[in-house]
Amino acid sequence: MPETLPEDVREPLEAALEDLRRGSAGWGALTIGQRVTVLRGVRRAVAVNARAWVRAAVRSKQLSEDHPLRGEEWLSGPYATLGALDAYIETLERLAQGRNPLDGLRIDRTTSGQTRVHSFPLLGVDKVLLSGFTGEVWLTPGVTPGDARARAGLAQRRPAEGDGGIGLVLGAGNITSIPVLDVLYELLAHDRVTLLKVNPTQDALVPVFEKALAPLIAPGFLRIVRGGPEVGAYLTANRAFSQVHITGSAATFDAIVWGTGAQASRRKREDRPRLKTPITAELGGVSPIIVVPGEWSAEDLRFQAEHVATMRLQNAGHNCIAGQIVLLSDDWAQKDQFLAELRRAYALAPERPIWYPHSAERMAAAAEAYPDALVLADRLLVELGEDDDPTAIATTEYFAPVLGVQALRGTGQEFLDTAVAYANDRLQGTLGANVIVDPATEAMMGAGFSRAITALRYGSIAINTWTAFGFITPTVTWGAFPGNTIQDVGSGIGVVHNALLLADVERSVVRGPFRPFPRAVSILRDGGRFTILPKPPWFASSRTAAEVSEGLTRFRARGGVLALLRTLVQAMRA
């Protein structure tokens, strides 16, 4: 174990590990019912500290407290955490009662024969508020519905080899709920108490986390530490951990597993990892937005252009799941209209600081690679021509407001198949893919559309919504498409979230309505999805996003029909 840290830094880390060793025995002694009680305490603490959480997040991202995009921090912070806690509590309550987490859920097979669990919506309030949105988890080929039921519950029913002990979570630096959600998954899916090292970009959140997670900290189930790369290196070399989980970049993953410099190259070549502890990871990639050509109204063109702009610009593009390259048909009669709306939506979205470390350098690299890119306020739009080399934007996760547009030949099924092949074969990573298609065009393609979705090798697929909806939905899963290794990690290894505690996961598929309310009424004749949701509050163009996002979080925390109605009225003004 390295002894390079100063004693005043190293001693608190070792003390935290000693606390967790004792805490591990305490956690293991709890019944499932007692674990539910602990989670309820966490839920209360998160609800009480939600406003402080958001204020700290807003400041850490260099936004003013009245910035129009502050609502992003409500949804991606306390709202996501409360939703996950509710879902885990429901799963554990079922197990405590001797029931299966999948009791009452529809389980069937996809057109490819894979077992599929229809996992969202499960609650009545979600069926109303998020009408038109659905989520399903596809299990790996060969897994039967009976297998799914038998294995659901993971460590809460049958701990596997490697479960238990102490987990190390190296927290993400971009979205404030990620470290908390990763801690919950270690604790509940794998029975591991956890040491969380926060990313330095989230140091300001530590006092809030310590209050919100106090019911886990007090009995020794969680310790939170700060520190830079030197602390991370010290911890990953420590044999006290039974598992490491990281949310970050492939470069950071490789540095942890193999080291750096010439020695790392040799280790990797000889398959001699420096890290001796098993590791899972969520690492991002270049996410496609496949726009399937159809006959769209002017309102459809504008709405979906704003949708695409949101996929790139939320959190200033500092997202592992930010859409980075739009794939659209060069033969689409409405291509030019859509591009005009996209330029407009991309340019008019509220400006905000590019705050994540090194993102400005990546922006500069994109501008150098594509000198003809449109510079729109604080962002770049790269419309690739026939003479442009797409390699840079197809293989570099810019983690910044850089959006590419690549035109491909064909319409209908020909275009969709071409776009799927492009996404699979040309783009870096397998974390998430987005598909926008109007109901009439999808119906016309029939089974061909289902085959194309099956062919997409991504861990999260969103149809007429953004894959971030899958991230925030706790009963679907989040992670790269299976098959990556420490030698070639791609977008990562393993899954998180997964509040139903499903085994053998391949991917999750979420769907949303093509049109918002009230225009959703007109789409029913085409077999589309009805929704009462107007422009979603996560859209960058929503005028009431901050108020609606705060209202939804407070409803999630405390309930209250009148408060919810006021929030819905505000949402109608979006």
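Since every read-out is calculated from the coordinates, none of them should be taken as a lab result. Since the structure is predicted, the reported quantities are computational estimates derived from the model, not experimental observations. Backbone-built Cβ (ideal geometry, glycine too); neighbour counts: all protein chains shown.
Numerical summary
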quantity	calculated
Size of charge dipole - the chain - debye, nearest 20, with Cβ of Lys, Arg +1 and Asp, Glu -1, no other charges	1920 debye
Expected 222 nm ellipticity per residue - DSSP helices of 4 or more, -39500 (n - 2.57), all of the chain, to 500	-12500 deg cm²/dmol
Relative contact order (%) - the chain, alpha-carbon pairs under 8 angstrom, separation at least six	19 percent
Cβ crowding within 10 Å averaged over residues, with 467-477, 149-159, 285-295, 95-105 ranked highest first	467-477, 285-295, 149-159, 95-105
Residues 14, 90, 65, sorted so that the one with the fewest Cβ neighbours within 10 Å comes first	65, 14, 90
On Cα atoms only, tilt of 335-348 relative to the major axis of the chain in degrees	50 degrees
Between segment 392-449 and segment 230-284, the alpha-carbon center distance in angstrom	32 Å
Derived scalar couplings ³J(HN,Hα) [segment 11-28; Karplus, 6.51 cos²θ - 1.76 cosθ + 1.60; whole Hz; x for Gly, Pro]	4, x, 5, 5, 5, 5, 5, 5, 4, 5, 4, 5, x, 4, 5, x, 5, x
Farthest positive-ward along the chain dipole, Cα basis, beta-carbon charges - from 137, 220, 410	220
Given 197/276; 335/535; 127/335, the pairs whose alpha carbons are separated by over 27 Å	127/335
Total charge dipole magnitude, segment 122-195, about the Cα centre, Cβ charges on Lys, Arg, Asp, Glu only, Debye to nearest 20	200 debye
Helix 298-313 axis, angle to the chain major axis (alpha carbon atoms, nearest 10°)	30 degrees
Among 559, 294, 500 - extreme Cα towards positive end, dipole of the chain, charges at beta-carbon	559
Size of electric dipole in segment 346-487: Cβ of Lys, Arg +1 and of Asp, Glu -1, about Cα centre, debye, nearest 20	600 debye
Alpha-carbon centroids, segment 98-177 and segment 1-68: separation in whole Å	25 Å
Partners for residue 268 among aspartates and glutamates (Cα-Cα distance below 19 Å; same-chain residues under 8 apart left out)	254, 488
Other-chain or far-sequence residues with amide H under 5 Å of residue 326's (modelled H)	289, 404, 405, 406
Within the chain, percent of DSSP bridges classed antiparallel, to nearest 5	35 percent
Packing-based ranking, highest mean first, of 541-552, 34-45 given that Cβ atoms within 10 Å are counted	541-552, 34-45
Trypsin sites (Lys or Arg not before Pro) within segment 252-307: DSSP coil, no more than 15 neighbouring Cβ in 10 Å	276
Karplus (6.51, -1.76, 1.60) ³J(HN,Hα), θ = phi - 60°, over segment 458-475, in Hz, Gly and Pro reported as x	9, x, 9, 10, 10, 10, 6, 8, 9, 4, 4, 4, x, 4, 8, 9, x, 8
Under 5 Å, built H, 5+ apart or other chain: amide partners of residue 507	138
In order through segment 178-186: 3J(HN,Hα) via Karplus (6.51 cos²θ - 1.76 cosθ + 1.60), integer Hz, x for Gly, Pro	4, x, 5, 5, 5, 4, 4, 5, 4
